[in-house]
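Since the structure comes first, as structure tokens, the remarks are kept for the end.
The values are calculated or read from the model by the stated rules, or taken from the named source; none is laboratory data. Owing to the predicted nature of the structure, the values given are computational and were not obtained by experimental measurement. Don't worry about glycine lacking a Cβ; one is built from the backbone with ideal geometry, like all the others, and counts go over all protein chains shown. We work out accessible area using only protein heavy atoms, side chains counted, and drop any ligands, DNA or RNA first. Shrake-Rupley method; radii C 1.70, N 1.55, O 1.52, S 1.80 Å.
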Amino acid sequence: MTTLQIAEEVAAALAENRPVVALESTILSHGLPAPRNLAVAARLEKVVREAGAVPATIAVLDGVPHIGLSEAQLDRVCTSGDLAKLSLRDLGAAYALRRSGATTVASTTALAHQAGIRVFATGGLGGVHRGARETWDVSADLDVVATTPVLIVCSGVKSILDMGATLEVLETRSVPVIGYQTSRFPAFYRRESEFDVPWRVENPAEAAAVFAEGGRGMLLANPIPAAFEMDAALHDRLLAEGLQKLVDQDVRGKDVSPVLLEHFHTASAGVSLDANEELVVNNASVASKVAVELFR
């Protein structure tokens, strides 16, 4: 069984029962272009520290799962260009074959839990894809959050997914979905979707209390800051164009999200990149404040 390589700073915080926040690496290697991804990586870790927690960016390097990365390792994740995208099912192969890869929500959640980290900040959760009645394309993220006692702070799910079906699956799997200062489920680039959240909290202390009492994985849905919300008309146009692109190019399976997100990035003249950065930084800030409250 492969042993976790836990960074000294993270290990010390865990040993001393201080708050730690897990951060994924896929957003850095696959979600943002260089050199912007490296700047965002540094910004995320800075925001976590400013809130009083310790950041633990997670990735697999040469077959070894790392919980917390050095500057050199972060640079490698952001600039190597050849990292695989590792979900939970891919970890065993990556370890055995000594491969390097960036961790998704599913694998980051699992590794964070294995290390003893209780809070994880990301951009958006994976979910049920449009057309899943025929393709059965459902993200592994949903099963992992349902079975792993980690609090995940995210800006809902991307509007490229079937949001209603995603929420139904979360309900079926008994995953608490809690709105952070919102009564509507966020839609990533947009602050609100047409769907309500069953519960709402107003501050980090309430969020921490709900998680502590629930004893299971929890989704804290935190809307993108209002100043960076994408214009509704632009969003709807990009989504329609992107969905048509999938049909025209016969894109399926795990390639759907990267193709759609790349269309958003290129066709929005950078608006979606700004939105993506600000929402994940905001999620890291909220997650850190919640982690601090958990350890009070």
Exercise. When the solvent-accessible surface of protein heavy atoms is calculated with a 1.4 angstrom probe, in what order do GLU16, GLU9 fall, highest first?
Worked result: GLU16, GLU9
For this session: Using amide H atoms built 1.01 Å from N in the peptide plane, name the residues 5+ places from VAL54, or on other chains, whose amide H lies under 5 Å from its own.
Result: VAL20, VAL21
Exercise. Using a 1.4 Å probe on the protein chains only, how many percent of the accessible area of the chain belongs to carbon and sulfur?
Worked result: 51
For this session: Sum -39500 (n - 2.57) across every DSSP H segment of at least 4 residues in the chain, then divide by the residue count to get the 222 nm mean residue ellipticity, nearest 500.
Result: -14000 deg cm²/dmol
Exercise. Rounded to the nearest 10 Å², what accessible area does ARG237 show when all protein chains are kept and the probe is 1.4 Å?
Worked result: 110
Exercise. Considering the chain as a Gaussian network with a 10 Å cut-off on Cα pairs, which listed residue, LYS85, LYS158, LYS245, attains the greatest mean-square fluctuation?
Worked result: LYS245
Problem set entry | Among ALA94, ALA132, ALA275: highest mean-square fluctuation, GNM of the chain, C-alpha pairs under 10 Å | ALA132
Exercise. What FRET efficiency do you get for ALA34 and VAL64 if R0 is 22 Å and r is their Cβ-Cβ distance, rounded to the nearest 0.05?
Worked result: 0.40
Exercise. Among the DSSP beta bridges whose two residues both lie in region 161-278, what percent are antiparallel, rounded to the nearest 5?
Worked result: 25
For this session: Note down the nm distance, to one decimal, between modelled labels 7 Å out along Cα→Cβ at GLU71 and at THR3.
Result: 2.8
For this session: Provide the percentage of antiparallel DSSP beta bridges, counting only those with both residues in the chain; round to the nearest 5.
Result: 30
Problem set entry | Contour minus Cα-Cα distance for THR147 and PHE195 (0.36 nm per residue) | 14.9 nm
Exercise. Per residue, what accessible area does region 116-258 have, given a 1.4 Å probe and all protein chains present, in Å²?
Worked result: 46
Exercise. In region 88-221, what % of DSSP beta bridges are antiparallel (nearest 5)?
Worked result: 25
Problem set entry | region 124-183 and region 26-90: distance between their alpha carbon centers, rounded to Å | 23
For this session: Could you order peptides 133-139, 105-111 by the average number of other Cβ atoms within 10 Å of their residues, highest first?
Result: 105-111, 133-139
For this session: Kindly state, to the nearest 0.05, the FRET efficiency for ASP250 paired with ARG18, given R0 = 41 Å and r defined as their beta-carbon distance.
Result: 0.25
Exercise. What spacing in nm lies between the two simple spin-label points modelled at ALA269 and THR172, each 7 Å away from Cα in the Cβ direction?
Worked result: 4.3
Problem set entry | Charge dipole magnitude, Cβ of K and R +1, D and E -1 - region 1-152, Cα centre, debye nearest 20 | 180
